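Read through the structure below, which is laid out as C-alpha cells, and then see the notes.
The values are calculated or read from the model by the stated rules, or taken from the named source; none is laboratory data. Everything numeric here is computed off the predicted structure, so don't read it as measured data. Counting neighbours? That spans all protein chains shown, and the Cβs are built from the backbone with ideal geometry, glycine included. We work out accessible area using only protein heavy atoms, side chains counted, and drop any ligands, DNA or RNA first. Shrake-Rupley method; radii C 1.70, N 1.55, O 1.52, S 1.80 Å.
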Amino acid sequence: HQQITGATWASSGYLVEAQAMSTATQGRAREHKVRDHLADHGWEPIMRAAASKGPADLLLGCPFRGALLVQVGSKSKTLGPADRERLMHAAELISAVPILAIVIPRQPIKCWRVDRGTPSKWAEWTP
C-alpha cells in the first residue's frame, strides 16, 4: 500500500487525483525527517548520500560530540552482518558513532547505536 501525496478531493469527498510516493521518495522523506530530528538536537548535517548504496545515508557532526554516521530505515529495516560491518568500518575510519535510525509513521524516531554484536542487544541511542 502506497502513501498518497498531492491528493485532490472533490466536494463530494471522493478522491479526484492523487500522486503515489515512490520508494525512493519515501526513503528521502525518512532521511530528511531523521536529519531534521537530529539537527533539532544540535547535530549539524554534513552530507546525505542520495540513492545510498554505501554504508550510511547521513553524516552529521557536533563540535562537542563528534560525528554520527546514520543508516535510515523503515520498520522492516535490518542490517545484516555484511551491512553492519560496512557501517562499523566506515564509522571507525572517521571516528563516528554508527547509528541505525528507524522511522515509523506517527511514532517517534527510534535510534540504536550499532555494534558488531547481535542487533537485539544494541543500545537504544538518544541524540
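Do we find that ALA56 is among the small types (Gly, Ala, Ser), surrounded by 15 or more Cβ atoms within 10 Å (Cβ to Cβ) and at pLDDT below 95 in this structure?
Judged against the criteria, ALA56 is a match.
Among the listed residues GLU92, GLU44, GLU17, identify the single one that is more than 29 Å from LYS121 (Cβ to Cβ) and at pLDDT 95 or above.
On inspection, the qualifying residue turns out to be GLU44.
(1) under 22 Å from HIS32 (Cβ atoms); (2) surrounded by 16 or more Cβ atoms within 10 Å (Cβ to Cβ): which one isn't true of ARG84, the others all being true?
Among (1) under 22 Å from HIS32 (Cβ atoms); (2) surrounded by 16 or more Cβ atoms within 10 Å (Cβ to Cβ), ARG84 violates only (1).
Would you point out the residue of segment 28-41, among those that are open to solvent by 80 Å² or more (accessible area, probe 1.4 Å) and under 17 Å from LEU100 (Cα atoms), that is modelled with the lowest pLDDT?
The qualifying residue modelled with the lowest pLDDT is ARG28.
Going by what's in this entry, would GLU124 be described as part of a strand (DSSP E or B) and open to solvent by 60 Å² or more (accessible area, probe 1.4 Å)?
Yes, satisfied.
Mind checking which pairs have a first residue in segment 106-117 that is in a loop (DSSP other than H, G, I, E, B) and a second that is open to solvent by 30 Å² or more (accessible area, probe 1.4 Å), Cβ under 8 Å, 6 or more apart or different chains?
Once the first residue is in a loop (DSSP other than H, G, I, E, B) and sits in segment 106-117, its partners that are open to solvent by 30 Å² or more (accessible area, probe 1.4 Å) give ILE109/LYS33; ILE109/HIS37; VAL114/ARG84; ARG116/ARG84; ARG116/GLU85.
What number of residues in segment 38-63 are in contact (Cβ under 8 Å) with a residue 60 or more places away in the chain and either touching a Phe, Trp or Tyr at 6+ places or on another chain (Cβ under 9 Å) or aromatic (Phe, Trp, Tyr) (or both)?
Summing the residues that are in contact (Cβ under 8 Å) with a residue 60 or more places away in the chain and either touching a Phe, Trp or Tyr at 6+ places or on another chain (Cβ under 9 Å) or aromatic (Phe, Trp, Tyr) (or both) in segment 38-63 gives 2.
Kindly indicate whether PRO127 is within 15 Å of the chain's Cα centre (by Cα) and touching a residue at least 60 places away in the same chain (Cβ under 8 Å).
yes
With ALA101, ALA91 as the choices, which residue is buried (at least 18 other Cβ atoms within 10 Å of the Cβ) and in a helix (DSSP H, G or I)?
Going through ALA101, ALA91 in turn, the sole match is ALA91.
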